[in-house]
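All remarks here apply to the structure that follows.
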Amino acid sequence: MDKYANTMTWTYLLGKVVLILILSIVIGIPVFAQNTSEKAVWISPMNEKHTDYGVFLFRNTFLLDQIPEVLPIHVTADNRYKLYVNGILIGAGPARGDLENWYYETYDIKSYLKQGKNSIAAEVVNFGEGRPMAQFTFRTAFWMNVESPEFAFLNTGSGNWKVKENEAYKAIPFGYMLHGKYYVCGPGDNLDFHKDPKDWILPSFNDTNWKNSYSIVTQQNDTSWHLIPRDIPFMDTKEEKIEKIARVQGLENKFWSEYPDKSITIPPSSRVTLLFDAEVLTIGFPQFKFSGGKDSEIKIIYAEALQDKNEIKGNRNEIEGKEIVGYYDIIRPDGDKETLFEPLWLRTFRYVQLEINTGEKALEWLGFTNRFYAYPLTFDATFQSSESIYEQFNTVGWRTLRLCAGETYFDCPYYEQLQYIGDTRVQALITLYLSKDDQLVRKAIKQFHRTILPEGLTHSRHPANKRQIIPGFSLYWVSMLYDYLMLRDDPAFIRQYIDEIDGVLRYFKPYIGEQNMLAHLSPGNTNDGSLPEYWYFTDWSKKFSRGIPHGVYDNKSSVITLHYANTLFQAAMIADYFNENAKAKQYKQLAQQLVKGTVDACFDDEKGLIAQTPDKKLFSQHANILAVLTNAFPIAQQKEIMTKILNDDSLIQCSMYFRFYLFEALKKLDMDSEIPRLFDFWHEALEMGLTTFPEKEGNTRSDCHAWNSSPLYFFLSAFAGVEPAEPGFKSVRISPQLINMEYVNASVPHPNGAIIVDLKKSRKGISGKVILPDNITGELIYGDEKERLGSGLNKIDLNN
């Protein structure tokens, strides 16, 4: 072992091991003790309430005679960590997972080291009972392992790590309901800088009074954290300057009028409010800099939008008569110069309000920046057309997608940060069309797979420390596999899930009734006597109670039956690809049986449409969209029926979310020309000053939901018309729909390169070019005209 590592005699070590074994066997609980093994073990601050809220500071100080050529280290913590080497932040994590799949990060710290005294420091946060729902935990702990044996003294458990709780922090719990809206993203920070240790991340810091950390020695079969390497890139952490002050209260103009060129002075004994406008919604770790202000209090409130006294957001750019409502942090300055506050976890905001109460000393406000924090997605696609508004769609949709993609996909960045399958299926499909990077897609598929229950269903969301089951979302997991198989040449990845696909589909079979429809679907156990554990959410349609179509629990549901049938057809395609012919045949036959049963039971001759249930009292767009997708109607009649779906106002209407499937049905029928007029909700969002697309139309809770970035996918798959013609994207079908556009210029990332479509309307048809990657062929379809496409440049001149 290295000369800097602590040593102990073999006699002492043997006695220690014997004691540990006795305690483990007799007491039956984990034992905490110093450990000098060269193999890293988890370490703890040895606090009695080791699952409670707390911020803990770990340090290892050491001397180096020379700098190694490389020094890789593996790091993780429970719940979260920030890692510093010689005062420099080099990383944060771990990437979100669960206890059975707990991620660690790898860093090469060589370039941060120096000859002489060095320090490695880690801030480890346990958010306690109020932790984000996406956060799993076993107990407060930190782990670091060094690959090189000669540097084993850096390992946690080596005896060289010291720890101290940062008592400056307290949690501000918000519970699950924030001002009447569902919120599960964790607590706010209450930070008293008087108690905050200064410069603790530096080698020169005196930690003599800090306690030695304790190694967590567990029983042999204890699998509290099953460690796996991080499988996604590190987050994008660019700096954003927030300089616009939208409103000031309680402060004379002379104190702030020259901001941001000069700082803002808040006089003693003042009550001042500063409202900052980032001008677009963003996410990250905001950094607030100030000086002085001893014994002041600053409340920092974050919101996606302001709202009036009736809780109406209205135009997001308008602030008159509106106030901020949202989660918040509270800080108390200690009077030091150039103090920096950064929250412990992500904040999402467009508007940030500072409510400052100064004491006997003035406070100088120095500035506000945001350390943006999101998955480093790259926008590798392009789409340009004569419709300039679509450029704004692209900008807003891409921002929405990015804010909903962190260490996992999010449903929304402000309220939940949970990865739901229904959201993720759409987000993943958009990602596969816009970006070469599919790592987050694969991670999502793997994470949902890890939740599969014995009966075959997945959890509806993961990571999530509270279980939720939406059976229809399990079907969307199968759809995710289908999408990935079609768009990426990676069959081995999908092949490993064949049996699980069968398990998901098998869950629904016992509920097929005499009429060959899903009937009396089980709500499972109830949480509070009324809310079903198995929630058959389909869409936030105004006529669906809690998003559930009619007939699910007490009758027969055409919507759920046809959704199941549609997934069976996709599963059959997957099975066929892998030569599981008997299975594919079984899926197809069952799907056809369900489709026929639904038509026989629910088709209304007078209406010419499929009803919600066999009593034929209610009709929805949803059931009939799924009927088109499953060919429940004769092909020759589908366009006529689709016209009814679009124009019959008596039907239960789709929300923004389910319009994704409406657009898919229109694309299937080459009725893409109808899509632009159905972008009305998206146009309204832009007109209302939103800079991301919302959860749903109207006075929405969440201003950012990536499931409504779907127009970006349809620009490429419908308007430019680029779709895979076979699994693996080994050939392409291009059916451009210029509609009201004079030209379309688009590129779609493909595993072999880029598919480029550059077409314009000519007097009787279209002309231009299509470029396909090497070894990719395809077909161009425009009206009744078809043309074979080869690899490379294809000149197009079609008259229709």
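The values are calculated or read from the model by the stated rules, or taken from the named source; none is laboratory data. In this text, all values refer to a predicted model and were calculated from it rather than measured experimentally. Here Cβ is always computed from backbone atoms with ideal geometry, including for glycine, and neighbour counts include all displayed protein chains. All accessible areas refer to the heavy atoms of the entire protein, side chains included, with ligands and DNA or RNA removed. Shrake-Rupley method; radii C 1.70, N 1.55, O 1.52, S 1.80 Å.
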Amide hydrogen neighbours beyond the local backbone of H750, cut-off 5 Å, H modeled | I755
Counting Lys and Arg as +1 and Asp and Glu as -1, what is the net charge of the other residues whose Cβ lies under 11 Å from the Cβ of T265?
-> -1
Which Cα, out of P267, Y351, A591, lies furthest along the positive dipole direction of the chain (beta carbon charges, K/R +1, D/E -1)?
-> A591
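Once the piece of chain linking T777 and E455 is laid out straight, how much longer is it, given 0.36 nm per residue of separation minus the C-alpha distance between them?
Numbers: separation 322, 0.36 × 322 = 115.92 nm, distance 4.23 nm.
Fully extending the segment from T777 to E455 adds 111.7 nm.
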Förster radius 22 Å - calculated FRET efficiency between N799 and E391, Cβ distance, rounded to 0.05 | 0.15
Roughly speaking, what is the stretch gain from R467 to L618, that is 0.36 nm per residue apart minus the C-alpha to C-alpha distance, in nm to one decimal?
-> 51.1 nm
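Starting with the highest mean, order 440-450, 723-733, 632-642 by the number of other Cβ atoms within 10 Å, averaged over the residues of each peptide.
Per-residue mean Cβ counts within 10 Å order the peptides as 440-450, 723-733, 632-642.
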Separation between the E687 and N555 pseudo-spin-labels, each 7 Å from Cα along Cα→Cβ, expressed in nm?
-> 3.6 nm
For the chain, with every protein chain kept in place, what is the accessible area per residue (1.4 Å probe, Å²)?
-> 40 Å²
Percentage of interatomic Cα-Cα distances in region 706-800 larger than 20 Å = 30 percent
Gap in Å between the Cα centre of region 435-470 and the Cα centre of region 93-133?
-> 24 Å
Could you state how much accessible area Y507 has, in square angstrom rounded to the nearest 10, with a 1.4 Å probe and all protein chains kept in place?
-> 20 Å²
Proximal aspartates and glutamates relative to K760, as straight alpha-carbon distance under 20 Å, when same-chain residues fewer than 8 apart are discounted | E387, E391, D670, D672, E674, E723, E742, E779, D784, E785, E787, D797
Full extension between D600 and Q496 adds, at 0.36 nm per residue less the Cα distance, a length in nm of 33.7 nm
For labels at S269 and I67 in the simple 7 Å Cα→Cβ model, what's the distance in nm?
-> 5.5 nm
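Can you pull the Rg over Rh of region 81-214, Cα-only, Kirkwood?
On the way: Rg = 16.9 Å, Rh = 17.0 Å.
Using only Cα positions, Rg/Rh for region 81-214 is 1.00.
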Once the Cβ-Cβ distance between K211 and E150 is put in as r, and R0 is 41 Å, what FRET efficiency do you end up with, to the nearest 0.05?
-> 0.90
Estimated FRET transfer efficiency (N631, K117; beta-carbon r; R0 56 Å; 0.05) = 0.15
Excluding A720 itself, what net charge comes from residues whose Cβ is under 15 Å from its Cβ, given Lys and Arg +1 and Asp and Glu -1?
-> -4
Give K436/K668; K162/K443; K556/K585; K542/K639; K299/K337; K313/K639 a once-over and call out the pairs whose C-alpha atoms are over 31 Å from each other.
-> K162/K443; K313/K639
Just one of (1) 206; (2) 195; (3) 324 is volume of the Cα convex hull per residue in Å³ calculated from these coordinates, so which is it?
-> (2)
Classified through the alpha carbon gyration tensor (a ≥ b ≥ c as square roots of its eigenvalues; rounded if a/c is under 1.5, else prolate when a/b is larger than b/c, else oblate), region 301-383 comes out oblate
Region 340-356 and region 168-222: distance between their alpha carbon centers, rounded to Å | 18 Å
Under 5 Å between amide H atoms, partner at least 5 residues away or on a different chain: which partners does A720 have, H built in plane at 1.01 Å?
-> Q737
Considering only the other residues whose Cβ falls under 14 Å of the Cβ of R506, what net charge follows from Lys and Arg at +1 and Asp and Glu at -1?
-> -2
Taking θ as phi - 60°, what are the ³J(HN,Hα) couplings along region 123-128 by the Karplus curve (6.51, -1.76, 1.60), each to the nearest whole Hz, with x for Gly and Pro?
-> 8, 10, 10, 10, 7, x
Given a 1.4 Å probe and every protein chain left where it sits, what share in percent of the accessible area of the chain is carbon and sulfur?
-> 47 percent
From the backbone phi of region 132-146, what are the Karplus-calculated ³J(HN,Hα) couplings (6.51 cos²θ - 1.76 cosθ + 1.60, θ = phi - 60°) in whole Hz, Gly and Pro given as x?
-> x, 5, 6, 9, 8, 7, 10, 5, 4, 6, 9, 9, 9, 10, 9
What ranking, highest mean first, results for peptides 156-167, 247-258 when packing means the other Cβ atoms within 10 Å averaged over each residue?
-> 156-167, 247-258
Roughly speaking, what is the centre-to-centre gap between region 651-728 and region 223-260 when only Cα atoms are used, to the nearest Å?
-> 30 Å
Go through region 643-654 residue by residue and turn each phi into a ³J(HN,Hα) via Karplus (6.51, -1.76, 1.60, θ = phi - 60°); whole Hz please, and just put x for glycine and proline.
-> 4, 4, 4, 6, 10, 8, 5, 6, 6, 5, 8, 6
